[in-house]
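Comments concern the structure below.
The values are calculated or read from the model by the stated rules, or taken from the named source; none is laboratory data. Everything quoted here is computed from the prediction, not taken from an experiment. Every residue, glycine as well, gets a Cβ built from its backbone with ideal geometry; the counts of neighbours run over all protein chains shown. Surface areas here come from the heavy atoms of the whole protein model, side chains and all, with no ligands, DNA or RNA. Shrake-Rupley method; radii C 1.70, N 1.55, O 1.52, S 1.80 Å.
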Amino acid sequence: MRPAAVAKNLGALLLALVFVFPVYWMFSSALKPSGEILTKDPVFVFTPTFDNFGTATGVDLFWTYVGNSLVVTVGAVLLALLVALAASFAIARMKFKGRKGLVLGVMMAQMAPWEVMVIAMYMIARDAELLNSLPLLTAIYFVMVLPFTIWTLRGFIAAVPVTLEEAAQIDGCTRGQAFRKVILPLLAPGLMSTSLFGFITAWNEFAMVLILNKDKAAQTLPLWLTQFQTAFGNDWGATMAASTLFALPVLLVFVFLQRKAVGGMTAGAVKG
């Protein structure tokens, strides 16, 4: 192997270790006894314990937090995909007045910092008596992930040759059937990547639920991560265990969607 290739591989390995080490430290700290976490010298060899996970999941309303997170996250992602499919198809395939303005609006919405709207959203929710409401939180997350979903799916649809739709229509398909039978299977990688982005965005969102949902029964898992403080400071073992559990669904979704995306790349193949 050439020296240049060896240097590139070593550099890539070093970069990977830089990114992987914090994850390893979080997971290992979750398995350490409390006395071995806050030490002067790092402990790499220890007897693992699951007590920290018991402490993390023993918090009041833990399963309520889990259910709330799943409801608002999955709901927001599904709504975003449904609306974005129609919007991105219209932008990519149709000519209409105001099309460029719509694309510009989508881009501006994607770049907007949502945190600056927290106060306005709180006042609207308060006046409409929608505080501590999961449907409102779902709607907010839906609006947050929609611009990126539209913009990404637009690129995937534009990359599909129009001739495939026209050939399907010549064979007797309506425009809707051509979209469902020809374009949709080819969009599988785009649907999976945008779903993953939307899931991560809604799953990790903290500011909106902190301001809008003060009732613990209407809160989500990001606020659960803040509950491991005692009179003596932070319970870092429980915090690391909670962080590990919090990151696990995102990892599982990534693995699942990655497989589906690879399968979707060949789902629209045409036999010769």
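Couple of notes before you dig in:
- Heavy-atom accessible surface of the chain: percent carbon and sulfur, 1.4 Å: 71
- Mean separation of Cα contacts under 8 Å, 6 or more apart, over the residue count of the range 1-104: relative contact order %: 15
- Mean-square fluctuations from a GNM of the chain, with a 10 angstrom spring cutoff on Cα atoms, peak among Tyr122, Tyr24, Tyr141 at Tyr24.
- Principal-axis tilt of helix 188-204 within the chain, Cα atoms, nearest 10 degrees: 40
- Here the Karplus relation 6.51 cos²θ - 1.76 cosθ + 1.60, evaluated at θ = phi - 60°, turns the backbone of the range 20-37 into coupling constants of 7, 4, x, 5, 4, 5, 4, 5, 5, 5, 5, 9, 7, x, 4, x, 9, 8 Hz, with x for every Gly and Pro.
- Full-extension gain in nm, Phe19 to Gln169, via 0.36 nm per residue minus C-alpha separation: 49.1 nm
- Cα-based helix-to-principal-axis angle, 99-111 vs the chain, degrees rounded to 10: 10
- Ellipticity estimate at 222 nm from DSSP helix runs (n ≥ 4, -39,500 (n - 2.57)) divided over the chain, nearest 500: -23000 deg cm²/dmol
- Taking all protein chains into account, the per residue accessible area for the range 206-247 stands at 45 Å² (1.4 Å probe).
- Test item: Cα-centred dipole of the range 1-94, Lys/Arg +1 and Asp/Glu -1 on Cβ, debye: 580
- Its Cα centre serving as origin, the range 111-197 has a Cβ charge dipole (Lys and Arg +1, Asp and Glu -1) of approximately 140 debye.
- Distance between the range 192-234 and the range 41-110 - C-alpha centres, whole angstrom: 11
- For the range 15-117, the C-alpha radius of gyration sits at 1.81 times the compact-globule guess of 2.2 N^0.38 Å, with N the residue count.
- Extent along the principal axes, Cα only, for the chain: 72, 68, 29 Å, with the longest axis given first.
- Sorting the segments 44-52, 72-80 by their mean number of nearby beta carbons within 10 angstrom, highest to lowest, gives 72-80, 44-52.
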